[in-house]
Each structure stands twice: as C-alpha cells, then as structure tokens.
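The next block holds one structure in the form of structure tokens; read it before the comments.
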Amino acid sequence: MHREFLMGNEAMAVGALVAGVNVVAGYPGTPSTEVLETVAKRRGEGVYVEWSVNEKAALEVAAGAAYAGARTLVTMKQVGLNVASDPLMSLSYIGVKGGMVVLVADDPGPISSQTEQDTRTFAAYAKLPVLDPSTPSEAYAMMGEAFELSEELGCPVIVRPTTRVDHGYEDVEVADPEDWRVNEPEGFVRDPSRWVIFPALSVRAHAAIEKRDAVLAKRLSGYARNAVTQTAGPDARPRLGIATHGISATYVAENLSEKDDVRVLRIATPYPFPEDLAAEFLDGLDEVLCVEELDPVIERALIATCARRGLNVRICGKLTGDIQPSGENTVESVGAALDRFLGRGEACELAPGGSSPRAVSQAEGRECLSTEKNPPAPPTLPIRPPVLCAGCPHRASFYAVKCAMKGRKTLFCGDIGCYTLGNAKPLDMVDTCLCMGAGINIAQGVTHVEPDTAAFAFVGDSTFFASGITGMVNAFYNQANMTLVVLDNSTTAMTGHQPHPGTGRTMMGQVVEKVSIERVLRAIGLTVVETVDPLDHELAVETVRRVADEPGVKAIIFRSPCVVLARPKARSTVDAEKCVGCQRCVRELGCPALVPDAATGKVRIDAAQCTGCTLCEQICPTRAISGGERL
C-alpha cells in the first residue's frame, strides 16, 4: 500500500482499477468526467476504455461485457442517467454476470447541470443498490465493495458521489499495482432464458428482486459504512438525533463536538434502506433532524420506519422546513441548521407563520455562526456571468445567423454545451434550451404551429452524434421546414475537450476514420448541406441567407476549431486614431477581450485574452482594428 493525494474522481478510477475492472465506458459530463480520463491514463494492459456517443450506448457496451463475465464501469452525470435509463431499467431485471458499477455523479446546486435530480431516488425506482460516499477515500474503497456486491447479487450497483466528493481532494491509501486484482472473464454463455427479456422473465425477476432487496436491507444494517455514533460517548442517552449522508455527513461532523449530546446516523446505502439500524438509532430519541441534499430520501425512510414500528419520534428535515428544500448544503448552512435544532448560540429567525425555523442561506449561516457581535461585511464580489471565450468560433456563428436573419420572424433553439452561452447579450441567440438534442425537435414542433417562422436548431458536433441524429431523421421523414446549424469545433469542449466520432481519435489512443457529419446528413436525405468558416463573416452571412430560404430540412455546418486547442499566434490591436468610439464591436459581439475606455469611449483590446480571430476587424466600420490572423 502507498498514499496518494487524489481528487475524488481519480480515487474512484483507481478504486475500479484495483478491483480489476476490464471495460470502462461513459459520456463526459461535469462532475464525473475525470473518472474515465483517469482510467485511460492509469489503466494496465487489457483494460478497455471508451468515450461512447452517449450514456445509453455506454451502458449497453458495459452490459454486453458484463454478460461475458467482465467487470465493467459506466460513468456519467445525473442527467446522463436519464439517457441511460431505458437499458438500465431492463438490466435491473435481466441482471449481469460480471460485476457492473454505474457511477452517477449528482450535482447539487446545480453547478453545471440542468437539474438537481437525486440518483438515490432513481436507484429506489430502478430497484438497484446504491452506495453514497462521503469522502474521496471512502469513494475509493466503495468501488471495490460495489463490484463485489454486484457479482454477488447479479445486478448493477450504483455509486453516487456528488460534486464536492468528485472534486474534493484527500490523502488516500491506495493498493500497489502488483496487488491489483486481475479479472479473467469467462466469456458469454448462450442462455436465452436468462439474457432475452420477455414478460414471463420480468414477472419472475420482479418477484425475485423484491425478495432480494428485503433481505439486503437487513444485511446492510450491518454494513460498516452505515453507522450510528454518539457525540457524548457510547453510554450517553441523548434525546436528539441527526441523520445524514454523503458530503453532508462531513459538514455535520465539522459542526459537532463532545458538548453536543446527540446521536448521529450516517446512511451510506440509501437503497435498500437499512431499517433495522435506523430503528436502533431512533430508540429513545424524541426528535431527529435529517441533514441531506436534494431529495428527502432519509427523512421519508425514517418517517416510514416510525410508522411501521410504532415509534413516537418527530422527524424533521426538508419536509418540515428545517433544511433548505433545494440547493447545495455547506458547512455554514448545516452549522446554522444544527444551531437551531440544538438550541446553540443566538436564536435564528423562524419561518413566517410557523414554528419551524426557516432554512438559511450560506451567507446567513456564516452570520449565525460568527462569534463577533458586529462582524465586518464581506466585500461584494464582482458579477461575472459565464461568457463564450474570446475568439470562440461559436460567437461568430451566432453573429452570422443574427445578421443574416435580421428583421425576419425567427426561432433559435439552443442545446447543451458551450454554445448555450449564446443566450447572453448582446448575442441573445438562444430562445430555448431543454436537454441534449432537444432543440432539433423543438424547432419542428414550433413550426408545425407557426409555419411562417424561420426556425434554426443549433447543436454542437459532439451533441450531434450523442443525440442529434434521430431528431434529424424525424425532421426529414416528417417533412419539417427548419435549418440545422452544427457548431463544429472538433471537440467536446465544455467538459474538457474529449474526443468524439468526428475527431478521428479514441480514448484507447487509436487514430480512426472520422465520422463525417456531412455524409450522415446526406445519408438521411438532406440535399442542402453547406460547410463554412464562421470567422469569414461575409461568406457566413451570405450562406445563412441562401440556405435559410431553401424549403424543407437543410443544414449549415460552421466549422472552426475550438480556440482553446488552436490559438492563432497573432493578436488584434486598435489604432486609437482611427477608432471613433462607436463601440459597435463591443455592442454587437460581447467579446471579453474588447474593453471600452470609460473616459474616451474608444475601445482597446486586452492582449492577454485576444486570440486574433479577426471577427471584430471585419465589422469595424472605420477599419480601426487589425493584426489578427484567422486559422
């Protein structure tokens, strides 16, 4: 054994390698991305790893390998679980032979996601065991335990870290490479009665799953990571209890001391819920505060336990207004909630019209915990909305469409990726954004109601492969009238520049033939497919005008590399004598490298940010900007 300072995602990747994982598949998405990338960097010979086109494909690849006896890992973020849910729900009934771990990273906040959905709730819905780590070192250990449990039960096991566990760091004790398990898959054994799902199989499987989970729930009451502790020692007789999980368990621990006479229940397996252990925890208590993020999973389970076992214990938490109903917990917010619950320090404000204290914000929590009577106010942080990078070709693409369609009735359907930031002013080019690939179908739906609308659907190259192709087939088959705009920057930029089928590279280091977006679209049946450099502004505008006037389904591919990966050497500069201070470049582009002077109104260019893309040079009415170099 040796020690390494690891990010939580790195720790889970190493944990999977130590456990003898054979096949790893996933789709990039914050906060899960680094797991698969770490496997790719540290894998030994014989470990296969891939970025799949989407989470459904990744889960099905892993399922096939698990059918053959391999230990497999699937990685995704919580919204990716929606994409993978179709095969996962059936796989819960079919089962697996080799150990299969589905790592789903939840994103309380949310910090970088569309939703705050809770995978603990999904696990109960899918009737699959779920492990909920509190620290990177525990997440490392849980990977091996999850593989063992999966093989024992013959079903996938979900490991559900959250952002602060994924991106937190810890000194982790790690097995030496020579001690890593080597798993030798048996191979696929034909057995239609097991691997072919029919209603009769599902009926038997469902009954077996219910029986299995009831037994597992009792067994998990003895799982070491489900634990009951008492702050005042084992012989104390507290009347108050705290139930918690995941990263919130560490926040609870930081806010308690021996002076606080409370009993603490930490739940590491929210499904199946360890009810026997929970009943022991509840024995002798008058009131319990459930400190958890996202859904009130533990709170509901404890309420049910009290009802089934006739326990007269008041259960507090999100449902009673004692814990914030949404958003991310912090050390400060948890501390403030414990102050109210335990009656420590100054009383905090009660909820309007009720007896339950109201949930406090992070800033309020800091104030409530402060030892100073009049603490100084923290400085106001500058507002920094997310924006497209200086020189991002997506800015040029949006601007070209905006210029070309000025004065016309239009709809601009966005999608998930860097280009969602096209919604910010002054571009203001995203009217809708739902989920990956949805913009293509939303554009069709609107035009069925408003046929006089010129509808555009923007999608990135990676998202096109992930979930855009079926929408285009639907559009062509149903004779829609819309324009697809593919923003092709030759990478999956937002999640860290992962390869995809259009890049010609795999995570195994192979150089393969690129999947051509143009050929895919023409194979679907589109006859109007044009490719143009968005940084050639005049040509881009002319192309949009011409293509948009074509009937039916048509496509424009704006192709220019991500500026983070391909930066021109030249930089644009402003000739102060020629600049008249009209600020058209600032008002129309919103590039962060363009800085107006408050005194003169003239514009200067921040050389540290400028990439020399030349877009501002092309629209300056006095030609005061020059020096850039378009790739």
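The values are calculated or read from the model by the stated rules, or taken from the named source; none is laboratory data. Worth saying up front: this structure is predicted, and the values here are computed from it rather than measured. We place every Cβ from the backbone using ideal geometry, glycine too, and count neighbours over all the protein chains shown. Surface accessibility is based on the protein's heavy atoms, side chains included, excluding ligands, DNA and RNA. Shrake-Rupley method; radii C 1.70, N 1.55, O 1.52, S 1.80 Å.
When residues of the stretch 122-137 are filtered for being open to solvent by 20 Å² or more (accessible area, probe 1.4 Å) and more than 24 Å from ALA66 (Cβ to Cβ), how many remain?
In the first step, residues of the stretch 122-137 are kept if they are open to solvent by 20 Å² or more (accessible area, probe 1.4 Å); the result is 122, 124-125, 127, 135, 137.
With more than 24 Å from ALA66 (Cβ to Cβ) added as a condition, the list becomes 135, 137.
Count: 2.
Among the residues of the stretch 612-631, write down those that are in contact with a Gly (Cβ under 6 Å, 6 or more places away or on another chain), within 15 Å of ARG395 (Cβ to Cβ) and not in a helix (DSSP H, G or I).
GLY612, CYS613, THR614, GLY628
Going by the conditions given, is LYS569 crowded, with 20+ Cβ neighbours inside 10 Å, touching a residue at least 12 places away in the same chain (Cβ under 8 Å) and of a type in the set (D, E, K, R)?
Spelling it out, it is not the case that LYS569 is crowded, with 20+ Cβ neighbours inside 10 Å, touching a residue at least 12 places away in the same chain (Cβ under 8 Å) and of a type in the set (D, E, K, R).
Would you confirm, using the coordinates I've provided, whether GLY468 is over 24 Å from ALA566 (Cβ atoms) and either open to solvent by 20 Å² or more (accessible area, probe 1.4 Å) or assigned to a helix (DSSP H, G or I) (or both)?
No, not satisfied.
Among the numbered conditions (1) among the hydrophobic types (A, V, I, L, M, F, W, C); (2) surrounded by fewer than 21 Cβ atoms within 10 Å (Cβ to Cβ); (3) modelled with pLDDT of 95 or more; (4) farther than 25 Å from VAL18 by Cα, tell me where ILE111 comes up short.
(3)
Taking the residues in the stretch 262-281 that are in a strand (DSSP E or B) and among the charged types (D, E, K, R) as candidates, determine which candidate is farthest from ARG340 (Cα to Cα). Walk me through it before giving the result.
Here is the first cut: in the stretch 262-281, the residues in a strand (DSSP E or B) are 262-267, 271.
Going one step further and asking which of them are among the charged types (D, E, K, R), we end up with 263, 266.
Values: ARG263: 16, ARG266: 20 Å.
Taking the candidates together, the pick is ARG266.
Determine the pairs where a residue that is acidic (Asp, Glu), located within the stretch 418-437, has a partner that is open to solvent by less than 40 Å² (accessible area, probe 1.4 Å) with Cβ atoms under 8 Å apart, the partner being 6 or more residues away or on another chain.
Once the first residue is acidic (Asp, Glu) and sits in the stretch 418-437, its partners that are open to solvent by less than 40 Å² (accessible area, probe 1.4 Å) give ASP431/LEU411; ASP431/PHE412; ASP431/CYS413; ASP431/GLY414.
Does ASP283 count as at pLDDT below 95 and open to solvent by 10 Å² or more (accessible area, probe 1.4 Å)?
No.
Which helices (runs of 4 or more DSSP H) does the stretch 1-108 wholly contain that include 3 or more residues that are open to solvent by 20 Å² or more (accessible area, probe 1.4 Å)?
Result: 33-42, 55-67, 78-94.
Between residues in the stretch 148-159 that are in contact (Cβ under 8 Å) with a residue 24 or more places away in the chain and residues that are among the polar types (S, T, N, Q), which pairs lie under 8 Å by C-beta distance while being six or more apart or on different chains?
If the second residue must be among the polar types (S, T, N, Q), the pairs left are CYS155/SER92; PRO156/SER92; PRO156/SER150; VAL157/SER150; ILE158/THR119.
List the helices (runs of 4 or more DSSP H) that sit entirely inside the stretch 154-255 and contain at least 1 residues that are assigned by TED's automatic domain parsing to the domain that holds VAL96 and either at pLDDT 95 or above or loosely packed, with under 15 Cβ neighbours inside 10 Å (or both).
163-166, 192-195, 199-220
Evaluate the following for LYS578: is it open to solvent by 70 Å² or more (accessible area, probe 1.4 Å), of a type in the set (D, E, K, R) and in contact with a Lys or Arg (Cβ under 7 Å, 6 or more places away or on another chain)? Walk me through how you get there before you give the answer.
Working: open to solvent by 70 Å² or more (accessible area, probe 1.4 Å): yes; of a type in the set (D, E, K, R): yes; in contact with a Lys or Arg (Cβ under 7 Å, 6 or more places away or on another chain): yes.
Against the criterion (open to solvent by 70 Å² or more (accessible area, probe 1.4 Å), of a type in the set (D, E, K, R) and in contact with a Lys or Arg (Cβ under 7 Å, 6 or more places away or on another chain)), LYS578 qualifies.
Just to be sure I understand the filter: pairs with C-beta atoms under 7 Å, separated by 6 or more residues or on different chains, first member in the stretch 458-472 and closer than 16 Å to CYS418 by Cα, second member of a type in the set (Ser, Thr, Tyr). Which pairs pass?
From residues that are closer than 16 Å to CYS418 by Cα, the pairs are PHE458/TYR419; GLY460/TYR419; ASP461/SER490; SER462/THR492; ALA466/TYR27.
Tell me which of these ASP415 doesn't satisfy, since it passes every other one: (1) surrounded by 16 or more Cβ atoms within 10 Å (Cβ to Cβ); (2) among the acidic types (Asp, Glu); (3) out of contact with any Gly (no Cβ under 8 Å at 6 or more places or on another chain).
Just one mismatch for ASP415, condition (3).
Any chance you could count how many residues in the stretch 425-434 are surrounded by 16 or more Cβ atoms within 10 Å (Cβ to Cβ) and outside any strand (DSSP E or B)?
Selection size over the stretch 425-434: 5.
Quickly run through the stretch 435-465 and pick out the residues that are in a helix (DSSP H, G or I), surrounded by fewer than 24 Cβ atoms within 10 Å (Cβ to Cβ) and aliphatic (A, V, I, L, M).
At the first step, the residues of the stretch 435-465 found to be in a helix (DSSP H, G or I) are 438-449, 461-465.
If we keep only those that are surrounded by fewer than 24 Cβ atoms within 10 Å (Cβ to Cβ) too, we end up with 438, 441-442, 444-449, 465.
Of everything in the stretch 435-465, those that are in a helix (DSSP H, G or I), surrounded by fewer than 24 Cβ atoms within 10 Å (Cβ to Cβ) and aliphatic (A, V, I, L, M) turn out to be ALA438, ILE442, VAL446, VAL449.
Across the stretch 311-347, which residue is farthest from THR115 (Cα to Cα) among those that are aliphatic (A, V, I, L, M) and outside any loop (DSSP other than H, G, I, E, B)?
That would be LEU342.
When you look at VAL473, is it outside the structural domain of GLY80 (by TED's automatic domain parsing), outside any loop (DSSP other than H, G, I, E, B) and under 24 Å from CYS403 (Cα atoms), yes or no?
Criteria not met by VAL473.
Among the numbered criteria (1) touching a residue at least 40 places away in the same chain (Cβ under 8 Å); (2) surrounded by 14 or more Cβ atoms within 10 Å (Cβ to Cβ); (3) outside any loop (DSSP other than H, G, I, E, B), which single criterion is violated by GLU518?
(1)
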